[in-house]
Structure formats: structure tokens, C-alpha cells
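Please read the structure below before turning to the comments.
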Number of protein chains: 4
Amino acid sequence: MTKERRQMLHFDSDYMEGAHPRILKKLMETNMEQTSGYGTDTYTLEAKQRIRQACNCPEAEVYLLVGGTQTNSTVIDGVLTNYEGVLAAQTGHISVHEAGAVEHSGHKVLTLPQKQGKLDAREVRSYLQRFYQDENQEHMVYPGMVYISHPTEYGTLYTKAELEELYQVCQEYQIPLFLDGARLGYGLMAEGTDVTLEEIAALTDVFYIGGTKVGALFGEAVVFTNPKLAKHFFTIVKQHGALFAKGRILGIQFAELFTDDLYLRISRHAIDMAGQLIRVFERHDFQFYLKTPTNQQFLILEKKQMKQLAEKVSFGFWEELDDDHTVVRFATSWATREEDIRELDRLLDTKF
Amino acid sequence: MTKERRQMLHFDSDYMEGAHPRILKKLMETNMEQTSGYGTDTYTLEAKQRIRQACNCPEAEVYLLVGGTQTNSTVIDGVLTNYEGVLAAQTGHISVHEAGAVEHSGHKVLTLPQKQGKLDAREVRSYLQRFYQDENQEHMVYPGMVYISHPTEYGTLYTKAELEELYQVCQEYQIPLFLDGARLGYGLMAEGTDVTLEEIAALTDVFYIGGTKVGALFGEAVVFTNPKLAKHFFTIVKQHGALFAKGRILGIQFAELFTDDLYLRISRHAIDMAGQLIRVFERHDFQFYLKTPTNQQFLILEKKQMKQLAEKVSFGFWEELDDDHTVVRFATSWATREEDIRELDRLLDTKF
Amino acid sequence: MTKERRQMLHFDSDYMEGAHPRILKKLMETNMEQTSGYGTDTYTLEAKQRIRQACNCPEAEVYLLVGGTQTNSTVIDGVLTNYEGVLAAQTGHISVHEAGAVEHSGHKVLTLPQKQGKLDAREVRSYLQRFYQDENQEHMVYPGMVYISHPTEYGTLYTKAELEELYQVCQEYQIPLFLDGARLGYGLMAEGTDVTLEEIAALTDVFYIGGTKVGALFGEAVVFTNPKLAKHFFTIVKQHGALFAKGRILGIQFAELFTDDLYLRISRHAIDMAGQLIRVFERHDFQFYLKTPTNQQFLILEKKQMKQLAEKVSFGFWEELDDDHTVVRFATSWATREEDIRELDRLLDTKF
Amino acid sequence: MTKERRQMLHFDSDYMEGAHPRILKKLMETNMEQTSGYGTDTYTLEAKQRIRQACNCPEAEVYLLVGGTQTNSTVIDGVLTNYEGVLAAQTGHISVHEAGAVEHSGHKVLTLPQKQGKLDAREVRSYLQRFYQDENQEHMVYPGMVYISHPTEYGTLYTKAELEELYQVCQEYQIPLFLDGARLGYGLMAEGTDVTLEEIAALTDVFYIGGTKVGALFGEAVVFTNPKLAKHFFTIVKQHGALFAKGRILGIQFAELFTDDLYLRISRHAIDMAGQLIRVFERHDFQFYLKTPTNQQFLILEKKQMKQLAEKVSFGFWEELDDDHTVVRFATSWATREEDIRELDRLLDTKF
């Protein structure tokens, strides 16, 4: 639904711009320095160190990868053994929108019901209980990992209590908990959340801090808080075609994002903008499919209304609700301009 | 062997700096523009168009990927069917230094002997003849593709006649010829080569134009001159975790590299620098393992000499020749500074 | 739940005995004959010819494999290309009880809701429609095949009209329909079915005729009624470790099963026995979870009752219904003895 | 080269007949017994127990699979982790004649030079040394296992000293040694061998005892003398489509083969027949390509001579030696009849 005409307002996604100017500036300044490749440079070491500090997890193993699907499939393949699959919500990104990348590496995504994109610890426990009671267990894929996203694909968040419960179940069954943080910053800065970066580090075995959608040109920082899971991960990354030659480009970006709280501050901006966006839609009596504490908001539009609005504003198609209504997504980001939201407000005033 | 001390001279590899300044400038200028993702933006369209023109192949399908191993394994998996493998030189990058990425996707690398990194068309024909005469053929992996690199891992080049012969064999047996051009620019600009970009496009079914090692921050442009091979390649790229979210970052880089012959001009610089480097080593009576027309030069060093030199200069370890001698690699690139070569010359004068 | 004590009555499954005596006799008679391997022998040729005749499909390609999971994963991997997955019911054998064999070959099982183990053509059409309307389609696994089982894992059967509808949807979307016939004989001989072997051949692209559960020592005969799907299938079978060295052992078994209607006659026996079994359970007022027209019957037992019964009779555990009740499966087969059913009847009289 | 005409003499392979009569008799006797599936029956337990005893390895984990390629790829995939490959001779069966089954599971076969089909421990050590000294090691496939066959594909045998050396290297580098014993019996009974079954069990981590080529209808008994390698091997077998439903058919065969030394006695017969065969060829001044102590003998035939002989005798094509000569293989087996060898002798007298 993206249109690249002049004067369109864009709320399609959180990866429409380049990078935060500070990052580009740093890339510019360091451009002709010569460094060794594949993440052995000092910028990468610095980035890893800053991330370990921010996570309060000095023993964590940190790896910098390029994109989200790549990170999901590499981590999952790196952690699972061949008879294991990964538990995920039916709406999990790995389950629906990664073109079968997990299966390409030979692992099944074992799906569980979701509530607004979230897994319920009780469902996970119940699945694991039933599995280990099943006489035919050995004919089935072993559940070897739990995958959650935070924020979820629906922009929703786990509470600290919910994360604790999930981690507890994983600990009981001795399987790792993996948190996909492609939009992690927007979760950490959401109003009312009681989940911090340190707590995520404490309540998962491996997670990643998304850069692509939060201020970087690209990049996802994988944090193995359980470093035993990272054995030979470098080679697994290489095998997945995910090893970035000029590692320092990733290092510089994450070092910068984790200097002066840049990552959190720009995430906070997206949340502020999302708040304004919600108020604009409320003022114009739009019907929300889901109002979330993060940077994604879901509206229900009549098809005719959607078509008209799409002339002036681009946004994300989400799903058909019924023959007459469609669910659409509006996303803000670190780069959203307040004036665009005001402009949207004016546009809605005119009934466009 | 990379050392990151002050005042070291670096000839380790051709990916030690960032990007050509024109590329960074363009990334800066376009940074806050909003574009759609995954390569649907206008910069990517422009880059593809420019590449098709440079190749004189208007019907080619062009895809922009991030790195070399990723590109090799994605293209090979995208082109082969499940009972097929890929023929390559024993020293081919896919065969040795990609951590089994091709096998990870289920395909065997069928190795043939090499001469200075090159495949001989007669060896390929002989392999294919024997295969199709073998009564046990159906118990074996079908040769479904021929992989070559140009320049090779040894910095050597195919002649036009050699490429024609290879393509001829492939045509006879109806299997695609795939050329890994991770260092393509350095091949195109080599002294005495009779192989142009247009000819590569005409004499292969799919190849790629390396950006990572030739002026870009990162990026490899895959050109399917036989577009039938590219069916659903977008989804295959996604499945391999190789789809880049902010596609325009790739598009901008390749559009720039293919404006005003930037790609060729900066490649030419590396060749000039390699020529100077050769002359420096010759003047100091170094023994060459392989003197090549491209940007990589291979020397034989005594171990003691190597150790001393490594105090002041970083270079690539290649292989143990015997108990006393080691083969090492010196690489120039688009970014090599003439003053560094002069400095090396002075250093060698001092017997370091 | 299998107990191997003396005097137990066994209704666990349909693969508890060896082979029909006629098959063993033939294996005995031909034992010292010398034949070439891998299915090139005359017995295999004869079996294939008889199967083509029985299917009224002279152009079909027939392959003889060893077991069901092997056959499913080999056929699916042989037919799909790498960006495709297979649509199946959530309860489909490939989805639940094959330890991720399909995913091991890199393909996703795309699950749809089921009704008593069956896929509904409308659900399939709706899935395909939504898929091809989805703007994110290229980020998803392509549905490349529909998998059904007949009889299903629940012993239920498609009607001819239902099969026609499914085949119609597949034809519209140009994807093959694959029918898992591990228990095919018991489906063909069921009371009231209007589906014949010829019709299955006409209404699918590939299916298999189960031998392991229907009179053979082992063996599944794959019938590609659309022979274009079978390209290099021999090599795919070899690659999956599914090529049987002494092919004639499979050939002899299927040649015998397709002589004098042996396959159908012994299947009919299992159906007759299932009818008697139903009447025994009805007479003793057991509660059926599912009463089917084939050889599998599902009862709801109280836990205490189940435990008592299990002292004397072995049967299959199916699933927990609630805290107090369990669903169990009783299976008959070509080998079920009428006296065992009478003995069960007597046992139930005694309240065991 | 197999011809199935009347009166042909067949020396093509060692899997041309059914099974040893004692095995068929036992299958007959037990045919209508009811047993549980998937190897949980008492016959399988008995077979495993007998094999453990014969190996003098009470703690071994034993699994019964169907065929050789299946066994190789399942064991290798079960033992390796995803960043590992398997070291094998260039002529190893897994490397050449298994249609890429190992790669299908994502693992590279790392080939080493061979001498008459054998790996040299010094070559293995040298490979491992170079690998662990290589600075680029993390970009390469980790050698995770050594695969040898005994007898080899060339009918040759390791000596006890050679096996000890290989095992020693593997122990040093902590990687398992896997021995493919598809023709193990013929190795154990060879004249002059100093390698016993007990020693193989002591000098490998996992190996298998071939049944398909040594008296069984089919079947290979995998012995994990290092049981730690067998974790969840049942599920891995299932995932590979290698789990046999009526496990007792395998159990009965191996129980019988390991009763009264049947396995060794029938293997001895093949060796005796091979001895007679050698003498027949010697008497007629045939040129040997390789005279082996096991059941396979390799001759060099002129093409014209080969063609004439092939009218009356079937044998295996091995390889083209030069334009005028071909290497062919004659195999004896447990089932070879002395009268066939005498008949061959007479035939050669007549100059056929």
C-alpha cells in the first residue's frame, strides 16, 4: 500500500528512513579507517561491551547480525538440535512471514494459540505437559525452545509477571526462551510497561535488540545471556550467509545507539508520536482494532474510506475483517515528524 | 594476522575501509526520505536499470543482496533442484570457506581440480561425459550448475576464450553457468584482460557484481541474464534470511557505483596500486608464489622474515608451503593509498 | 499400551502381524532366484504393471517404497520446490506424528482446520484465495501441494464428491493433490463408500497404496498419476535413504497383493471384523467417540475402566478427553481373528 | 550390466538373492504372532542383546535400520551438529553413491585421498592439525566425525593396527569414528585379517553390521558403542523416514543371524567362494585390478572380451581404465553356489 507520490503522508512501517543522523555522522567520520573484518574490530568490541553493560549481563555473548528473519533463523538453528522444533504463537513472525526460513534449516515451528500476538505461559506449560505425557512422544518433534516477540507483531507487550511465568516454564522443562526484539526499543519505552532491558536479559536465554526498525541503517544485536547456547555461533552465522564482512559497520551503529541512551531516547520519540496519533484518530472517532502502548496502532476502516484515505496517506494493510471492513496498521518510528501527524489531523478534518 | 596498532600498514584484504565517499554522501543526502521496503523503492529500480544497461542485457532480472556467502548459497539453492549439486573448483570459495552454506541448503559441492583457482572447460566436459555414461548415475548427485569465480580466490582471471568454452559446455549439457564476481571490478580493470562486463553477461546464466570489496559499504548485485532461473527468487531470498529491509540502502549504493563509471574507475585504482605493489616487491627481490593481474598478490616468505614483517605490516595468511615457508597475500583495493605503498617500500629498504 | 503377555487380546494397531501367508509363500518360493537390484527386476515390473491396471492409469509412474513416513516425506520433497510448503489438516500424520520429517527436507506443513481428520475443499480454496490476495504473499511459504489421507488418521473417508471438489480446487490453483493411502484398502472396502481405486487415480496427482498395514511385511506403492511430477524420483528416493536394495522383495509383495484381488479381499475382512467389533461395543453400551466405516474405532473410556480393560486387552491410547475420560482406539486388520472378537465379547460380559 | 536371461551366471553383487533359509523359516513360524511396533517387541530386544554380547559391549545402544544409505545418513545426521561435516575417503560410499543423502541433511562430506578405498590415519591427523591451525577455521566446516567402511568399497580391509591408529587420532581430537559395515561379515571372515567384531566395537564409537548383503532380506544393525552419541536417536530415525513399523521383522532376522554364529558362517562361505573365484581367474590368466581378501574381486577386461563374457555372465561395471580396458567387479556372497563357479570355469575354458 506504499505510494511514493509527492506529499503523501507515510505511516506504513518503522523502516522507511535511513539511520539516525548521529549514526551516519559516525560512519562518515570513521569511513577511511582500516579495520579487520567479521566483527573482530574495536568498534564491534565496544558495541558488545556497551550492550553487556546496558543488559547488566557481563558474561553475555553478543553477536551483531543484519536483519530480523536472518537473526531468527540463525539463532533458532544455532540453538536447536535436529530433533527439536520451536514453540511460537500462530501469529509469530517466524511462523507466518519468514517464507519458511526456520523450516529451511530443518526445524518445525510448533504453533500455539495467541492472544493479541502473545503466548500464554499456561498454554506453553500445558503443551509441554501433554507432550511429555504422550506415549507417542518419540514420533513427534521435541519442543526445544520457546519463541516470543516483544513487542509482538500486534504491538502488544508482555508484563514482567508474564515474562517471569514464561521463563519459569522454560526453566522447568530446561528449554531456552528466545525473545525477538526487532522492535525492542518501542517496547522498553512504552507507557506503563514494567519490563526493562535488564529484566529481559534476566528472563530470557537469548534475545535480540532490533536496530533496523529503531534508528540503525540495519542490524540486530543478539544477546546470549546463556552463553552456553552460543557454541560455535560464529560458524553457524557464516553457514547461514549471515556473517557481515565489514563488521565494524554494525559495531559503529550499535556502539552509537548505546551511547548516551540514544536507543532509548529515539524509541521514546516513537512512543510520543504514537500517543499523538492515537489522539488524532480518537478525535476523529476512528474505530480501533487494537490500541497498543507501542508504535503500532491498528484501525478498522470501511473499504471505501480506506480507499479514499489511501490517496493521501500510506499505511499497512493488516487483514480483511469482513466483506466491508479491513484492519490497517499505522506505525510511528524514531523518525516520525510531529508535523506529519498534525498534517494527518488536518487531512482528517477535511474528510479528505 | 590483522593488527590494529597505530602506524601499521594494512594490506590484509579489500574490505578494510567503509565505502567510497560518494556513496556515503548519497546515503547522507537521502537519509530522511521515506521509501517502501524490500527493494520496491525507486533507488533500487534505478540501480537495477543501470546495471541492466551496463550489462547490455535489458531482460536481465537483478537482485541486490548483502554479502558474498549469502549470495552464493541463495543463488545456488534458488537455481538447483533437490537432486542436483554444483560443480566447482576444489579451491572455490563455496567449497572451502563458506562453512558449508551450500550443504546447509541440501546441495553437494562437486569438486574438480583447479589450476591457479580456475576450472578447465575440458575437466568440466569430461566430468559431465563420465557422469552421463555412468550406469550408476541415478545413485549420484546430478551436476546441476557450474560455479566459477572471476577473479578467482587466487586473483587469476579467465580469458574470453576460456569463458566461451565453459559456457559452451554448460549449454551442451543444459546446466547454468554461475560466476561469482565478489571482486568483479578488479577483474574487469585488470591489465590485458579481454573480458568485459557485457561479455560476462553474455557468457553466463547468472553472475554477481561485488560491491562489498569494491567501494560499497556492502552489497552484491545478482544478475540473472537467464531470467527463467529467477522464478520466485524474492521468496527464496527471504527464506535464506537474505532480504534486506531498507532495500534503498542497497539501491543507492549500486545506483551510485553505476553512475559515471564509478565502479570501474575505483577498480582501476586498485589495479594501479597492485602494479606498484608488485614493483616494490620485485625491487626487493621477494619471491612470488603467484603474481596476478588483479588486486591480490601472493608471496613466499620465510617464517622468520614473515614474523618480522608482521610487526609493521598486516597481510593475509594463505597457506603453509613447507616447514620453513609460508604463502601470504597482499591485497589492494579501491581505497589503497599510494603513500602506504611508498611507506612499505621505505620499510623494506630498512630491512625492517 | 501394548502388553505382550500370554492370552492378551490385541487390538492396538493394524501392523501387529507379519504378512499374508500367500506373500510369505511367494517370498519362500522365489528366495534363491537371482535378480538385479533397486527395482529393476521383473517382479517389480510386474507389480507396477498390475497396479497401473488396477488404477486404470496406464501412463502412471509407480515406485515401491518401504514405509509411510518415508513415503510421505520423499514424495513431498520430490514434488515441492524450495519455496513451497504442503497444505494439510492439523491432525494430518505429516503434521503431528512424523517427527518433523517434512521440515527436515526444508518444507513447511501449512495446517488447516480438520473435521474428523478431513480437509474441507472450501477451507483449502479460502486459504489459497487469501494467499494469492495477500500483499505480503512473497514473504510467505507458497502452498505447493495439498496432502490428504484416505482413510484419515481418524478412520474417516472422503466421499467421491468431496474428493472431486478438492481436486477441482487443486486444478484451479495448479497444485498437486497427494493422497496418503497408508490404509487405502480399508477405505476402498468400507461400507457405503463411493470411492474406488480408479477414482482415486483419476482425482489425485500422486497417491500411495499402503502395504505395511494391509497384508504386506512392509511396503507402500506410490502412484504418480501425473507422471511429470516423478522427474528423477529414483534419485530423490536414493537421497532420502529410501531406496530398497533387493527391490524384488517389494515387487513380489505388491505383485501378489494385486493378484486375484488379494489386496481388496483381505481389506474387506478387516471391515467385516470392524463391523463385529462395533456390534460388540454397542451390545455392551460403550460410548463411541467416533464410529467409522473403516478398520479403526474410537471409544471413550473412564480411566478406571480403561485400566481394568487394559489388563486383558491391548488397544491404542488416542487422547485425554478430560480428567476422567480417555479416548482409545481399537483397530482390526487383514489378520484379525473372529475368535478374538468373540473372546472380547465374552470378556466384556464378565465385566472383566 | 545385469541380464536376467535364463542360464546366465550372476556375479553382479552380493544382494541378488532373498534371505538365508533359516531367516525365512523363522519369519514363517512367527508370522501370525502379534507384537508391538517400532522395535519394542521381544525379538528386537533379543537381537539387540545377542549383538551386544557378540560385540562384548554390554552398554552399547543398538538400533535396527533397513538399508545402507539410510543408515549412513541417519547416523551421520544424528551424531553431527549443524556446523560439522564428516571426513571420508574420496571413494567413500557416502561421498559418491548416495545421491547426496548426507548433504540433504545439511552436512558436508569432507573428502581425503584414499588408497584402495582406505583412509590413512596420518592423512586424517594431518587434516585435523591443519584445520585447527588454520586462522580461517571458523569460516570452514568443522570436522565432526570420521567415516570409514570395512570392508571398503574396493573390498579391502583395515588391519588392527590401522584401526587403532585411526581411533587414536579420533580420540585425540574428540571426534567419533564411524565404521560402515555394510559388508562387515565378509571382512570379519577374510583370510589373514586380525580384526574381530569385538575389536571393531572397541575401536569405533558407532558402526553397523550389514544384513542386506549378508544373509538378511534387508537390515543393518547400528551399534553405538559410545551410547552418548545415541541421544534421541529413535526420533532422528523417525525423522529420516527410517523407522520400520513392524520392527520384529528386523529383530527376527538379526536374532537369527546372531544365533549359532550364522552371520559368521555364511560370511565364511562367501570368502571360500571368492577364493575359488580367484583361482579360476588366475588359471585363465585374467589380469586383476585388485585381488582382495573379501568377497569382491576386480578384473581388468578388454572391451571386446568384456562384451563377449557379458553374454553369458553378469558382473558389475566398475570404471573405465582407458579407451580399451574396463575394470569390472565380481562378487560372491553367502548365497553363491559352488556349481556356478565351476560353470564359470568351464565357460572360460571354452573361450566363450
(request) Describe numerically, in nm with one decimal, the distance between label points set 7 Å from Cα along Cα→Cβ at residue A:347 and at residue C:304. (result) 7.0 nm
(request) Please report B:194, A:134 as a ranked list, fewest other C-beta atoms within 10 angstrom at the top and most at the bottom. (result) B:194, A:134
(message) Beyond a 26 Å Cα-Cα separation, which of these cross-linked pairs lie in this structure: C:25/D:48; D:108/D:303; B:118/D:108; A:160/B:246; C:48/C:246; A:228/D:231?
(response) C:25/D:48; D:108/D:303; A:160/B:246
(message) List, shortest first and in nm to one decimal, how far the label point of residue C:320 (7 Å from Cα along Cα→Cβ) is from its counterparts in the other copies.
(response) 3.9, 6.0, 6.6
(message) Looking only at Cβ-Cβ distances, which cysteines of chain A have no other cysteine closer than 4.7 Å?
(response) A:170
(message) How big is chain D along each principal axis, measuring the range of its Cα positions in Å and listing the largest first?
(response) 60, 58, 34
(message) Quick check: pseudo-label points 7 Å beyond the Cα along Cα→Cβ at residue A:259 and residue B:42, how many nm apart are they?
(response) 3.4 nm
(request) Within a 10 angstrom radius of each residue's Cβ in A:331-337, how many Cβ atoms of other chains show up on average? Whole number is fine. (result) 1
(request) Determine the shielding of peptide C:224-235 by partner chains: average, over its residues, the number of Cβ atoms on other chains within 10 angstrom of each Cβ. (result) 2
(message) Roughly how far apart, in whole Å, are the Cα centres of segment B:271-335 and segment A:260-274?
(response) 49 Å
(request) Determine the dipole magnitude for the protein assembly as shown: charges of +1 sit on the beta-carbon of Lys and Arg, -1 on that of Asp and Glu, nothing else is charged, the reference point is the Cα centre, and the result goes in debye to the nearest 20. (result) 0 debye
(request) Would you kindly work out, in nm and rounded to one decimal, the distances from the label point of residue D:116 to those of the same position in each other copy, ordered shortest first, with label points 7 Å along Cα-to-Cβ? (result) 4.0, 6.7, 7.5
(request) May I ask you to sort B:260, A:120, C:285 by Cβ crowding, counting other Cβ atoms within 10 Å and putting the fewest first? (result) C:285, B:260, A:120
(request) Under 1.5 on a/c is rounded, so check that first for the protein assembly as shown, then, if it is not, pick prolate when a/b is larger than b/c and oblate when it is not; a ≥ b ≥ c are the square roots of the alpha carbon gyration tensor eigenvalues. (result) oblate
(request) Can you give me the span-like helices of chain B, meaning DSSP H runs with 24 Å or more of Cα extent along the axis and Kyte-Doolittle mean at or above 0.0? (result) B:262-283
(request) Starting from the Cα gyration tensor of segment B:1-115, take the square roots of the eigenvalues, sort them a ≥ b ≥ c, and report rounded, prolate or oblate (rounded when a/c is under 1.5, otherwise prolate if a/b is larger than b/c, else oblate). (result) oblate
(message) Going Cα to Cα from residue C:351, which aspartates and glutamates come in below 17 Å? Please leave out same-chain ones fewer than 8 positions away.
(response) C:282, C:285, C:302, C:311, C:340, C:343
(request) List the distances, in nm and shortest first, from the label point of residue C:337 to the matching label points in every other copy, placing each point 7 Å from Cα along the Cα-to-Cβ direction. (result) 3.8, 8.8, 9.4
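A short reminder: the numbers here are calculations on the coordinates, not readings from a lab. From a predicted model like this one, the values you see are computed outputs, not experimental measurements. Here the Cβ is made from the backbone with ideal geometry for all residues, glycine too, and neighbour counts use every protein chain on show.
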